[in-house]
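Accompanying notes for the structure given below.
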Amino acid sequence: MKKGKITTIESACIKGMIANDISVIEMASQLDRSANIIEKEVNRIKEESVRDQLFINKTASGNQGVSIITEAASVRGDISNQKSTSTPTNNTRSPWIHKINSNG
């Protein structure tokens, strides 16, 4: 019988077995582990899945994370975006620099 921590591969196998409604004793015999260790891992996996269901933590593209912003910060960000897009890029020269005309 194996000893030590459950590996990530074994954990993935346990997740698949949970989805297929395999008993803890059958999982333990297939993975050559004690039923007590498998039961602890099953409980941990179930608690993790319940916790994941409580929060919307993924974007449509699969990225994880949550961003929270207040209304005041949102307005401030909108104003700064409007300022940066409204300034034309060709007026960046200083007013004391003059361009000499080629006509004269």
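Tell me whether the range 77-91 contains one or more residues that are part of a loop (DSSP other than H, G, I, E, B), modelled with pLDDT of 70 or more and not β-branched (V, I, T).
Looking only at the range 77-91, we keep the residues that are part of a loop (DSSP other than H, G, I, E, B), and these are 87-88.
Still in the list and also modelled with pLDDT of 70 or more: none.
No: zero hits.
Within the range 1-55, which residues are polar (S, T, N, Q), assigned to a helix (DSSP H, G or I) and loosely packed, with under 11 Cβ neighbours inside 10 Å?
Of the range 1-55, the ones polar (S, T, N, Q) are 7-8, 11, 20, 23, 29-30, 34, 36, 43, 49, 53.
Imposing the further condition that a residue be assigned to a helix (DSSP H, G or I) reduces the set to 8, 11, 29-30, 36, 43, 49, 53.
Within the range 1-55, T8, N36, Q53 meet the criteria.
The values are calculated or read from the model by the stated rules, or taken from the named source; none is laboratory data. Here the structure is a predicted model, which is why all the values come from computation and not from measurement. No Cβ is skipped: glycine too gets one built from the backbone with ideal geometry, and neighbour counts run over all protein chains shown.
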